[in-house]
Amino acid sequence: MCYCKNGADALAKSIADAEAKGPELTAAIAEATGKLAQLKDDIKAHQADRAAAKTAMAEATALREKEAAAFAAATGDLKTNLAGLGKAIAAIEKGAGGSFIQTTAASVLKKMVMNRADMLDADRQDVMAFLSSDSEYAPASGEITGILKTMADEMGADLKAATDDETAAISTYDGLMAAKKKEVDSLTKMIEDKLQRVGDLGVEIQEMKNDLGDTADSLEDDKKFIADLEKNCAGKQKLYDENIKMRGQELAALADTIKVLNDDDALELFKKTLPGASASFLQIQVSASAMKNRALALIQEAQSSSMQRRPALDFISLALRGKKIGFEKIIGMIDDLVVELKAEQEADEKKKEYCAAEFDKSEDKHKVLTKSISDLESAIAESEEGITTTKAEIEALSDGIKALDKSVTEATEQRKEENEEHTALMAGNGAAKELLAFAKNRLNKFYNPKLYKAPAKAELTAEDQATLAAGGTLAPTEAPGGIAGTGVTAFAQKADPGPPPAAPAAYSKKGEESNGIIAMIDMLIKDLDKEMTESELEEKDGQEDYERT
């Protein structure tokens, strides 16, 4: 009833949560999809802006290189002209104008004067007249020096203006490049961040889609399950009275322990797992197990001393190790093997006689090769008899192979049964140990509180903590199932719990008896451990023998 009630409530809550979660996930997926599309659009815009910034940087760099080349060419000519003017002025001022006219610098100065557009024609004619040695007009050196110094001042001013313009252009270029580089770095960082967000958002959307699909499947399964649960539990709803309250802590401990150990399932479990009454206290001198072990040792000794390994001995050894085949059947198998060995011995003796006769005949044939046809016909008849004998032996071997196949099949079935028995024994003994440990712990709760092990406290989930913080109450904890409410399950449980236990006796605390009971429980647990260890060893040996056979 607890399962029907709590199971229906849990399923209803799960269905309600799933129905509420579905639209939330759908809305979240739609919102995340919109964000993803917006991020992709933003990334495209950032990439376009970054490409434009890089293009502007490339164009500015090309223009700067062109301007730098023009500046270098212009300043180079100005510096050359200024150097030529300096030499001319120095030569004229020293009175060496005549010798200067004959130098290469005079030719350079002449070209400069001819090509300078902003020079007065009168000044150009005076300088050209001065530089022409065959001219009838030769102006005074002081006038020429003045003209040349004026030209030098103008060229110096032009050089300074060009240098200032170049410096300003470089500063403007550096500022532009710094701003564009900062813009490119910022756009790159934004692109990388949004690419990361696109990847994370894509994973989140896929996870939400998977969660939505799982929620839909779970919702459908829960609806089917609660329909079946309501249908099955509808006819089983009954009210029952509360059990009589325990009259004391000791009575509660003993009653709980007796309830656990006297449970029908517990008794059935102990009958199948715990050794019998005589197993722990009496030891017979010769047991069936000892006889099997002795027979097994003899068969293994025979196998080790034999030149040829016999499958029949392997199957007998496998049967002796197993538990499903009785000793009478094993004795029958041994008797059959003895009969087979005797038959083989007789056949071997006949073969020996046959071989001896064949050797004699071969010697006679060697002595009289020209014997009559009747002897040959006799030899043919004897050969046919040998063929018949060989066919009979082949049939006997085929029958032996069939018998071996049958034995292998039986051994396989026996191994399966033994494995199933071992699995059931380990499960039953494990459940019995848990049940005995529960009973011992329940007794220790009253008699030996220091040895009592309290059950682990259930940790509250975040949802439960929020419910309590809001002043709400939690759903009742489901009662443990299993034998007598211990949570231990084994075998099929009966539907009828049986009559109620008799009324307990008056209160009396018996400490010494409790120690004896706890010691007896410890002894039973040790017996179970020993039996489980022996069963594991027998299972391992049986599997190895089966594989080897």
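Laboratory data are not the source of any read-out in this text; all were calculated from the coordinates shown. Everything numeric in this text was worked out from a predicted model, so none of it was measured. Here the Cβ positions follow ideal geometry from the backbone for every residue, glycine too, while neighbour counts run over all protein chains shown.
So here's what we get for this one:
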quantity: Largest-first ellipsoid semi-axes for the stretch 154-228, taking √(5λ) over the Cα gyration tensor eigenvalues, angstrom; calculated: 71, 5, 5
quantity: Rg followed by Dmax, in Å, when the stretch 338-394 is reduced to its Cα trace; calculated: 14.4, 48
quantity: Residues in the stretch 372-390 that a label on Lys351 would reach, taking backbone N under 19 Å of a point 7 Å out along Cα→Cβ; calculated: 383-390
quantity: Too-long pairs where the Cα-Cα distance tops 25 Å, listed order kept, from Lys231/Lys433; Lys453/Lys526; Lys79/Lys181; calculated: Lys231/Lys433; Lys79/Lys181
quantity: Sparse-neighbour loop sites [trypsin sites (Lys or Arg not before Pro); the stretch 342-436; at most 13 other C-beta within 10 Å; DSSP]; calculated: Lys371
quantity: Eligible aspartates and glutamates near Lys450 by straight Cα distance, threshold 18 Å, same-chain separation 8 or greater; calculated: Glu250, Glu512, Asp522
quantity: Contour minus Cα-Cα distance for Ala83 and Val408 (0.36 nm per residue); calculated: 105.1 nm
quantity: Rg/Rg_ref, the stretch 362-438, where Rg_ref = 2.2 N^0.38 Å and atoms are Cα; calculated: 2.69
quantity: Out-of-range pairs (alpha-carbon distance over 29 Å; input Lys342/Lys406; Lys35/Lys224; Lys182/Lys209); calculated: Lys35/Lys224; Lys182/Lys209
quantity: Listed residue pairs exceeding 28 Å between alpha carbons, taken from Lys271/Lys440; Lys40/Lys66; Lys352/Lys391; calculated: Lys40/Lys66
quantity: Surface/4 of the Cα convex hull for the stretch 336-465, nm²; calculated: 20.0 nm²
